[in-house]
Amino acid sequence: PNIVFIMSDDHSYQTLSAYDDRFIETPHLDRIAGEGVTFVNSFVANSICAPSRATLLTGKHSHMNGQLDNRRAFDGRQQTFPKLLQGAGYQTALVGKWHLRSTPTGYDHYERLIGQGDYYNSDFITNGDTARSHGYVTDVITDKSIRWLENRTPGQPFALQVHHKASHRIWMPDTSALGAFQDAGLPVPDTFFDDFTGKRYLKTEMGEQPQRIPMRIPAAETRMSIATEDMDLVYDLKLLDEEGEIQTKYREMYANDRYARLDEQQKAAWDAHYDPIIREFKQNWEAMSERERAIWKYRRYMRDYLATIRTLDENVGRLLEYLKAEGLYENTLVVYTSDQGFYMGEHGWFDKRFIYEQSMRTPLLMKFPEGMATREEVDELVQNIDWAPTLLELAGVEVPAGMQGQSLLPLVQNEDDQWRDALYYHYYEFPNEHMVKKHYGLRTDRYKLIHFYDDIEVWELYDLQEDPMELNNLYGQPEYAQRTRELKERLR
């Protein structure tokens, strides 16, 4: 079978309508779900770009593949699934985001973005040569992917990785989608104004009522709040006023890089959309309460984010139609996923990094080759360490013993009754811009135990069945003492 592995960036499961249709309809992605398997409990092992990509390649956790954070370069000498597929006779290619600070290995062809890449007129390195593209990056990546498929060696199986920039910060929509969500209602999450007091330890002294005692709260020390300057009015929300009255930390970065990349036609469409928003902002901002300002910023963020998803979904549809038209669809595994989840205002946040549900979860849809009997929905705990073993087994390649993940094929074919009952997670990148503390933890189907460490010493325990939004830290409560001991032993 052929393999087309589509991975987006920071696509939340909340904004893929096969999972959640409150914000957007994604008909082309839903088609993969409708014709294949939806994994409803899909998670990552380290919710940040480079480590997640290294986990995909190696089938190993970050401490085993060496990619702990975004700062270091991936060691491309190690074993990866593209190398193993190459050895089994597959043509291999990668188009789009790489973000591993190293030259891709294991590919017959690659066309990769530099770093995060840009939404408009982005530079690509093609097998070592750099050239600037013209157009919107999601369209360009799809064009390049289809061009490679057209020029591949016919009759030989292929494995194509299509790695989109969307929907990474700073959520610049295609000009054709700029107003797509201008009138959308966009409900504010129930936890948007979370003050994190429920995350304090609950201590009980002899003869006294339980009390939440003062302590440092990791969630309160982060810098990814929509309401504050963590979300930059110019850089994130595109409020680049001609008068220069809106001065922010990242104004010049946006003006001289992101906005400056637009050509004249793109700028004309851009300005026609954002100039009225800038005028509205200037007229109303001073009169707004802090609460109203936070909600205004949230809705501006969401409109741009959702517009990038709209174009992403359309381009996934375009690629699927190409596979259909060329008679390739029936014998191709099509995977859609994201490198991690993302916050759509839950707890007042954007970004990812935490072991909490919105960032640890990620979409995962798989359409298998025709004739394979599969379940429509899988609710077992699966993780991105499992992706490489799955691709290898489907291709008939032996899964190396060093890979920590498991092939999902027995699971989707109802042939595995001994699946894992817990997942391990570890985030390492601190200090950094968003100041999420180093932490590791364990997630079972019901409980989550977390240890924050380094410049802080905090434990958190959540009952996901009773508290799915992870608002009330149960660590230290006497009635959970035995459960905590069991989870700590399992985590150890």
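Structure values in brief
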read-out: One residue from Ala260, Ala307 being within 30 Å of the chain's Cα centre (by Cα), in a helix (DSSP H, G or I) and surrounded by fewer than 19 Cβ atoms within 10 Å (Cβ to Cβ); value: Ala260
read-out: Exclusive hit being farther than 30 Å from Tyr235 by Cα and touching a strand residue (DSSP E or B) at 6+ places or on another chain (Cβ under 7 Å), set Thr362, Thr390, Thr332, Thr337; value: Thr332
read-out: Out of Asp118, Asp194, sole residue that is assigned to a loop (DSSP other than H, G, I, E, B) and in contact with a Lys or Arg (Cβ under 6 Å, 6 or more places away or on another chain); value: Asp118
read-out: Some residue of the range 402-421 being over 30 Å from Ala159 (Cα atoms) and either in contact with a strand residue (DSSP E or B) (Cβ under 7 Å, 6 or more places away or on another chain) or among the β-branched types (Val, Ile, Thr) (or both); value: yes
read-out: Close pairs (6 angstrom Cβ cut-off, 6 or more residues apart or separate chains): over 20 Å from Trp171 (Cα atoms) and in a loop (DSSP other than H, G, I, E, B) in the range 344-366, charged (D, E, K, R) and modelled with pLDDT of 95 or more anywhere; value: Tyr356/Glu470
read-out: When residues of the range 147-182 are limited to those that are hydrophobic (A, V, I, L, M, F, W, C) and assigned to a loop (DSSP other than H, G, I, E, B), the one surrounded by the most Cβ atoms within 10 Å (Cβ to Cβ); value: Ala166
read-out: The range 119-145, residues that are in contact with a helix residue (DSSP H, G or I) (Cβ under 6 Å, 6 or more places away or on another chain) and surrounded by fewer than 20 Cβ atoms within 10 Å (Cβ to Cβ); value: Asn121
read-out: The listed residue being in contact with an Asp or Glu (Cβ under 6 Å, 6 or more places away or on another chain) and among the aliphatic types (A, V, I, L, M), out of Met288, Met224; value: Met224
read-out: Failed criterion for Asn473 (all others in (1) over 25 Å from the mean Cα position of the chain (by Cα); (2) surrounded by fewer than 16 Cβ atoms within 10 Å (Cβ to Cβ); (3) of a type in the set (S, T, N, Q) hold); value: (2)
read-out: Those helices (runs of 4 or more DSSP H) lying entirely in the range 1-107 with at least 3 residues surrounded by 22 or more Cβ atoms within 10 Å (Cβ to Cβ); value: 27-35, 49-58, 81-87
read-out: Close pairs from the range 112-126: first more than 19 Å from Tyr235 (Cβ to Cβ) and free of Cβ contacts under 8 Å to residues at least 60 places away in the same chain, partner surrounded by fewer than 15 Cβ atoms within 10 Å (Cβ to Cβ) and among the charged types (D, E, K, R), Cβ under 8 Å, at least 6 apart; value: Asp123/Arg132; Phe124/Arg132
read-out: Scan of the range 286-324 for residues that are polar (S, T, N, Q) and without any contact (Cβ under 8 Å) to a residue 60 or more places away in the chain, ordered by number; value: Ser289
read-out: So Leu56, is it in contact (Cβ under 8 Å) with a residue 12 or more places away in the chain, in contact with a Phe, Trp or Tyr (Cβ under 6 Å, 6 or more places away or on another chain) and over 29 Å from Gly396 (Cα atoms); value: no
read-out: Any pair with Cβ under 7 angstrom, 6 or more apart, that starts in the range 397-413 at a residue that is without any contact (Cβ under 8 Å) to a residue 24 or more places away in the chain and under 15 Å from Met366 (Cβ atoms) and ends at one that is of a type in the set (Gly, Ala, Ser) and surrounded by fewer than 20 Cβ atoms within 10 Å (Cβ to Cβ); value: none
read-out: Verdict on Leu57 being at pLDDT 95 or above and either out of contact with any strand residue (DSSP E or B) (no Cβ under 9 Å at 6 or more places or on another chain) or aromatic (Phe, Trp, Tyr) (or both); value: yes
read-out: Contacts under 6 angstrom Cβ, first residue in the range 21-39 being of a type in the set (Ser, Thr, Tyr), partner not in a helix (DSSP H, G or I), 6 or more apart; value: Thr26/Leu16; Thr26/Ser17; Thr38/Ala18; Thr38/Leu365; Thr38/Glu377
read-out: Which listed residue, of Thr374, Thr362, Thr390, is polar (S, T, N, Q) and over 23 Å from the mean Cα position of the chain (by Cα); value: Thr374
read-out: Scope the range 129-161; condition among the hydrophobic types (A, V, I, L, M, F, W, C) and within 17 Å of Leu319 (Cβ to Cβ); matching residues; value: Val137, Val140, Ile141, Ile146, Trp148, Leu149, Phe158, Ala159, Leu160
read-out: Filter result for the condition that a residue is over 26 Å from Asp194 (Cβ atoms) and either modelled with pLDDT of 95 or more or more than 24 Å from the chain's Cα centre (by Cα) (or both), over Pro431, Pro400, Pro468; value: Pro400
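Quick grid of which residues meet (1) at pLDDT 95 or above; (2) closer than 19 Å to Asp10 by Cα; (3) not polar (S, T, N, Q):
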{"position": "Ile170", "(1), (2), (3)": "yes, yes, yes"}
{"position": "Gln182", "(1), (2), (3)": "no, no, no"}
{"position": "Lys199", "(1), (2), (3)": "no, no, yes"}
{"position": "Leu202", "(1), (2), (3)": "no, no, yes"}
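The values are calculated or read from the model by the stated rules, or taken from the named source; none is laboratory data. All values reported here derive from a predicted model rather than from experimental measurement. Note that we place each Cβ from the backbone using ideal geometry, even for glycine, and neighbour counts take in every protein chain shown.
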